[in-house]
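Written out below as C-alpha cells is the structure these notes cover.
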C-alpha cells in the first residue's frame, strides 16, 4: 500500500525534483559508507535483496491489490546503506516495467528507504531481546508499514493529485482509453490569495478521506499478511543462518529465563 503507482505527467514538478534530489543525496551517502566494505560480499547481497524485493513487488495478492515488499527483511539483512541502494535498484526496474512512472522513482525510493531504515533500526533495538524472532519481526513489520503508508498518504495529500491515480492494477500497466484525461488544472495548488470558497477543495478533501480509509482498511489486512510472511522467513533464518540477521545464538523454545538469549553479532 505504500508504493506509489502514479503514472508520469501527474506529479507536480517540485515534488519530482525534490524526490530525485533527496534520493541522489542519500545514494551518494550510501555508496560512500559501503566503499570500504568487502565488495565480494556487499555487491552480491545488494543484488540478491534487490531481486527478492523486485519479485515480491511484482506478485500482487488477489482482491487486495497489495504486494509484499520485503523491505523490513532487507533492512535486517543489509542495513540502511546497502538496503537503500537495493531499494533504488528495485524501484528503477519496476518503473522501467511500467510499475509506476519514471517520475515517481525518487519518491518511491524514499518510501522504500524509510521502510528499510526503520526495519533495520527496530530490529537493532529489539532483535536481541527475549522472544521468538517471528513475533518480533511481525510486530516490527506492521509498525514499519503503518508509518510508510502514512508517509505515502502525506505525499498524496501534499501533491493534491487525484487519489484514484495512485491505485494500480497489476493486470494492466497502461492508461485505459476510457479514463478521464489528465487536466493540469486539476493538479495545481489552490490560489491562497483568493478569498472565495473553492468548492473543489471540499470535493478533494472528501475524496482523500475516502481514499485514506480504503488504504488503511485494506492495508491492515496486507500488513498482517506481510508480517506473517516476513516473520516466517526470519524465523527460518534464525534457526539456520542466524548470522545473516545479526544473531549468533539461537533461541530454543521452552528454555528457562536464565538460559542464554539471542545476541546481536558483536555484542558482549
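Taking (1) out of contact with any helix residue (DSSP H, G or I) (no Cβ under 7 Å at 6 or more places or on another chain); (2) modelled with pLDDT of 50 or more; (3) part of a loop (DSSP other than H, G, I, E, B); (4) surrounded by 13 or more Cβ atoms within 10 Å (Cβ to Cβ) in turn, residue 229 satisfies each apart from (3). Does residue 90 count as in a helix (DSSP H, G or I), in contact (Cβ under 8 Å) with a residue 60 or more places away in the chain, on the phi < 0 side of the Ramachandran plot and in contact with a helix residue (DSSP H, G or I) (Cβ under 6 Å, 6 or more places away or on another chain)? Against the criterion (in a helix (DSSP H, G or I), in contact (Cβ under 8 Å) with a residue 60 or more places away in the chain, on the phi < 0 side of the Ramachandran plot and in contact with a helix residue (DSSP H, G or I) (Cβ under 6 Å, 6 or more places away or on another chain)), residue 90 does not qualify. Among the residues making up region 126-139, those that are modelled with pLDDT of 90 or more and under 18 Å from residue 239 (Cβ atoms) are 132, 133, 134, 135, 136, 137, 138. Test residue 68 against the stated conditions and say whether it is surrounded by 13 or more Cβ atoms within 10 Å (Cβ to Cβ) and in contact (Cβ under 8 Å) with a residue 40 or more places away in the chain. The answer is yes for residue 68. Of all the criteria given as (1) surrounded by 11 or more Cβ atoms within 10 Å (Cβ to Cβ); (2) at pLDDT below 50; (3) within 28 Å of residue 69 (Cα to Cα), the one not satisfied by residue 211 is (2). Restricting 164, 128, 148, 124 to those that are part of a helix (DSSP H, G or I) and touching a strand residue (DSSP E or B) at 6+ places or on another chain (Cβ under 8 Å) reduces the list to 124. Can you confirm whether residue 241 is over 26 Å from the mean Cα position of the chain (by Cα) and either at pLDDT 90 or above or closer than 25 Å to residue 143 by Cβ (or both)? Against the criterion (over 26 Å from the mean Cα position of the chain (by Cα) and either at pLDDT 90 or above or closer than 25 Å to residue 143 by Cβ (or both)), residue 241 does not qualify. Determine whether region 11-21 contains at least one residue that is surrounded by 22 or more Cβ atoms within 10 Å (Cβ to Cβ), touching a helix residue (DSSP H, G or I) at 6+ places or on another chain (Cβ under 6 Å), at pLDDT 90 or above and within 24 Å of residue 150 (Cβ to Cβ). Yes.
The values are calculated or read from the model by the stated rules, or taken from the named source; none is laboratory data. On a predicted model such as this, the values are computed, not experimentally measured, just so you know. Heads up, the Cβs are rebuilt from the backbone with ideal geometry, glycines too, and the neighbour counts pull from every protein chain shown.
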